[in-house]
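Student: Sharing a structure here in structure tokens format.
The values are calculated or read from the model by the stated rules, or taken from the named source; none is laboratory data. A quick note: this is a predicted structure, and the numbers were derived from the prediction, not measured. Virtual Cβ from ideal backbone geometry, glycine too; neighbours counted across all protein chains shown. Note: accessible area is taken over every heavy atom of the protein model, side chains too, but ligands, DNA and RNA are not part of it. Shrake-Rupley method; radii C 1.70, N 1.55, O 1.52, S 1.80 Å.
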Amino acid sequence: MQKNIVILISGSGSNMVSIVETAERDNWSKTLNAKIVAVLSNRPKAKGLAYAKQKGIATGVVNHTDYPDRSSFEKDLMHAIDQHNPSLLVLAGFMRVLTPLFVSNYAGKILNIHPSLLPAFPGLHTHQRALDTGCKFAGATVHEVIPELDAGKIIDQVVVPIQDSDTAESLAARVLTQEHLLYPRAIKQFLQYR
Ligand code: GRF
């Protein structure tokens with residue numbers, strides 16, 4: 001049976017673009033029997049939506065600001081996701097905290113990318129915190145999503161050496177370039193071996 005991948009984004013969607021490009025280049029529909037069937041966002045202006053549309057991928061927006069609370073937002077988000085019969089949900093810069101109810105609904109089939117070497121620095125401002133702590137290495141982690149924020153089984157990681165001259169911005173940019181290689185590789189690994 002074809003494995004349907006649904007990607008959730010909030011912002012520029014550069015990780016999503018990298019996943020879509022890799023899927024095309026490596027012919028995931030043949031090699032993994034997997035297809036990216038939808039890109040959904042909580043932000044109507046997310047840049048990545050236009051890219052996905054242009055690639056012929058279904059897109060959708062569930063704008064969290066239209067909802068009085070997290071649970072009503074998630075109810076509609078789950079509805080939008082479920083229309084695509086997902087085998088895998090990929091959070092790619094999706095900037096909403098998900099409730100245990102949402103996570104349990106897709107147990108074992110949600111992946112996230114976090115720009116630190118987890119379990120170090122869960123949460124926000126990871127690069128600045130790594131610099132402030134004097135870390136010599138930063139990186140990124142792809143992990144399974146569980147109710148606890150930025151926790152869950154690690155699928156793969158990449159290490160990025162920190163340079164003396166680094167600012168949070170320069171480090172974030174170097175880590176992001178590596179995220180673009182890490183995320184498609186981790187998804188592939190997850191689909192092949194889980
Ligand atoms: C990435 O650094 C990701 O690790 C973090 O948010 C950023 C998203 O970037 N969760 P993009 O939207 O994929 O360009």
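Student: Taking amide H atoms as placed 1.01 Å from N in the peptide plane, list the residues 5 or more away in sequence, or in a different chain, whose amide H sits under 5 Å from that of Asp156.
Tutor: Answer set, sorted by chain and number: Val142.
Student: Still on this model: May I have the pair-distance distribution P(r) for the chain, computed from all Cα-Cα distances with 5 Å bins from 0 and rounded to whole percent?
Tutor: 1, 8, 17, 20, 21, 16, 11, 5, 2, 0
Student: Please work out how much length the chain gains when fully extended from Lys45 to Gln192, using 0.36 nm per residue of separation minus the C-alpha to C-alpha distance, in nm with one decimal.
Tutor: 49.6 nm
Student: Give, as a single signed number, the net charge of other residues whose beta carbon lies under 15 Å from the beta carbon of Glu24, with Lys and Arg counted +1 and Asp and Glu -1.
Tutor: Local charge sum for Glu24: +3.
Student: Let me ask another. Report the extension gain between Gln128 and Glu148 in nm, rounded to one decimal, defined as 0.36 nm multiplied by the number of residues separating them, less their alpha carbon distance.
Tutor: 5.0 nm
Student: What does the convex hull of the alpha-carbon atoms of the range 17-105 project to on average, in nm²?
Tutor: Mean shadow area of the hull around the Cα atoms is 6.0 nm².
Student: Can you tell me the accessible area per residue over the chain, all protein chains present, probe 1.4 angstrom, in square angstrom?
Tutor: Accessible surface, normalised per residue, equals 51 Å².
Student: Enumerate the amide H contacts of Met95 below 5 Å, restricted to partners 5 or more residues apart or on another chain; note that Pro and chain-start residues carry no placed amide H.
Tutor: Placed amide hydrogens put Ser10 under 5 Å from Met95.
Student: Helix-derived [θ] at 222 nm for the chain: sum -39500 (n - 2.57) over DSSP H runs of at least 4, divide by residue count, nearest 500?
Tutor: Helix contribution divided over all residues of the chain: -12000 deg cm²/dmol.
Student: For the chain, what is the relative contact order in percent, using Cα pairs closer than 8 Å and at least 6 residues apart in sequence?
Tutor: 20 percent
Student: Taking the chain as a Gaussian network, where each spring joins two C-alpha atoms under 10 Å apart, which residue of Val39, Val159, Val175 fluctuates the most?
Tutor: Highest fluctuation of the listed residues: Val159.
Student: Now for a different question. Around Gly11, with a cut-off of 11 angstrom between Cβ atoms, what is the net charge of the other residues, counting Lys and Arg +1 and Asp and Glu -1?
Tutor: That works out to +3.
Student: Moving on. For the range 66-139, max minus min Cα coordinate along each principal axis, in Å, sorted largest first?
Tutor: Here the spans come out as 45, 29, 17 Å, largest first.
Student: Given charges of +1 on the Cβ of Lys and Arg and -1 on the Cβ of Asp and Glu, with all other atoms neutral, how large is the dipole of the chain about its Cα centre, in debye to the nearest 20?
Tutor: 560 debye
Student: If you don't mind, there's one more thing I want to ask. Of all the accessible heavy-atom surface of the chain, with the other protein chains kept in place and a 1.4 Å probe, what percent is carbon and sulfur?
Tutor: That share works out to 54 percent.
Student: Next question, about the same structure. What helices in the chain pass both tests, a Cα length along the helix axis of 18 Å or more and a mean Kyte hydropathy of -0.5 or higher, using whole DSSP H runs?
Tutor: 168-193
Student: Continuing with this model, one more query. Report the residue, chosen from Gly48, Gly123, Gly60, that carries the largest GNM mean-square fluctuation when the chain is represented by alpha-carbon nodes joined by springs under 10 Å.
Tutor: Gly123
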